[in-house]
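The values are calculated or read from the model by the stated rules, or taken from the named source; none is laboratory data. This is a predicted model, so every value here is computed, not measured. Ideal geometry is used to build each Cβ from the backbone, glycine not excepted, and the neighbour counts take in all protein chains shown. Accessible surface areas use protein heavy atoms only, side chains included; no ligands, DNA or RNA. Shrake-Rupley method; radii C 1.70, N 1.55, O 1.52, S 1.80 Å.
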Amino acid sequence: MQPIRVLIVDDSGFFRKRIHDLVAKDDRLIVVGAASNGREAVAKCKQLKPDVVTMDVEMPDMNGIDAVQIIMRDSPTSILMLSSLTRQGANITLKALEAGASDFLTKDIRNWTSTSNLVHNEFTERLVKLGRRRRFEQTSSDQSMSRPSLSRRPTPTSSPTHGRIGGPSVNDGTSAQRAITAKGATMNADNRKDDRSVLQSANHSGAAGSGQQTRAALAVRQAAGNTAAFPSQCRLVVIGASTGGPAALQKILSELPAQFPYPIILVQHMPKAFTNVFAARLNQQCSITVKEAEDGDNLRPGTAYLAPGGHQLVVDPRRPDRVRVLESDERVTYRPSVDITYASAAKALGNRVHAIILTGMGADGADGARLLKKAGATIWAQNKESCTIYGMPQAIVKSGLADEVLDLNAIGGLLSRAGRR
């Protein structure tokens, strides 16, 4: 496979060199050019046709937002925004994502100059995933154009394509299940223990259905009409997302009516400085109310509660109509974590939960989804074709945990219709 072609755009000579050096160390990537402002970036995208662009947010001559808008109009490609950890940086980055950028990373100078490989590996992995996604889109488009007599596989805007899979009661769970749910819901000093060991223990609990059974169900069953598996006794909707999630969440939530009858918890991988700004933007764009969650918030219908960056958001097991915002061990990879929120919802509400897993890199949510299925909850997963990165939904689909696999364009409408039952 040919290396992913990277265009570097940054007005800082230091960052251009730093990014170049990181890319050069990875055989899967190759730098094809660099630009110091948005105007140069637009020209070089047309000329070099990169698979992925690293785009600084604030630059002279033409800023990152304007550059993204023109690139996505004239020579679409995957764009990774690099943003400062400020409120202004968050605002600009979210606007760039709305304009078509794929994902973002923060430019914390301490991390970028550190000898640790953690941030460096995350950066190059995102470039590889986004670049491959762009090639997948191009290949799909080329194949479609070269075979005009063949219709594309229909996206399930009106016919979701996944069969319902049952699961045992939460009361039949193992000690591993109890450990993970207790970890997500306990309000004492144990919250500062290492969440990772508890989440890892859930790997031994097993899935509600095998991947083979799920693939068979996909092959033989078509859901009829504009409906999909949804709990009639629903009391809470929980949505998890990462890479590509901001745009996906905006798409879904903007389709819900102000009187949507259920509360919604949102878990989006996002730093602390961004979540309050993101919640405020969603609140302006949607009919429902959207807010950054606060400790002790009452779960109200027609309101979405966004997990604060750097913390964990759980459903209170003693008061399932409330959420708790907990300090998170810094060693936990995801803060907030979809796994921890899913696990707490399984513990507190069982089969009255409806979970949705959206686009994102990695597998956060898979362990929590196992507990949800054991409790009898329903789960929708976004399909590969509409994901920016298919990692998180893929982990759940392959484990046989998804009741429906849906195109992003279908989810908001189906959720809205389910709320009118």
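Annotation: Leu29 carries an accessible surface of approximately 10 Å², with a 1.4 Å probe and no ligand, DNA or RNA atoms counted. Ligands, DNA and RNA aside, Leu85 has an accessible area near 80 Å² when probed at 1.4 Å.
Estimated at 0.36 nm per residue, the fully extended path between Glu137 and Asp108 surpasses their Cα-Cα distance by 7.3 nm. Think of a 1.4 Å ball rolled over the protein heavy atoms: the range 326-365 then has 28 Å² of accessible area per residue. Cross-link partners of Lys107 among aspartates and glutamates, defined as those whose alpha carbon lies under 18 angstrom from its own and excluding same-chain residues fewer than eight positions apart: Asp10, Asp11, Asp21, Asp56, Glu58, Glu122, Glu125.
A simple spin-label model places pseudo-atoms 7 Å from Cα toward Cβ; at Glu122 and Val32 they are separated by 2.8 nm. The stretch between Leu48 and Lys384 holds 118.2 nm of extra length on full extension. This uses 0.36 nm per residue minus the Cα-Cα distance. Applying both filters, DSSP loop and at most 14 other Cβ atoms within 10 Å, to the GluC sites (Glu not before Pro) of the range 244-332 gives Glu294, Glu330. Three principal axis extents of the range 269-421 based on alpha-carbon atoms, in descending order, are 36, 33, 30 Å.
The count of lysine pairs in the range 336-412 whose Cα atoms are under 16 Å apart, excluding pairs fewer than 8 places apart on the same chain, comes to 4.
Split the accessible area of the range 234-332 by element, probe 1.4 Å, and carbon with sulfur accounts for 41%. For trypsin sites (Lys or Arg not before Pro), the sites in the range 283-324 that DSSP calls loop and that have at most 15 other Cβ atoms within 10 Å are Arg318. Under 14 Å Cα-Cα from Lys251, which aspartates and glutamates qualify once same-chain neighbours fewer than 8 residues away are excluded? Result set, ordered by chain and number: Glu98, Asp407.
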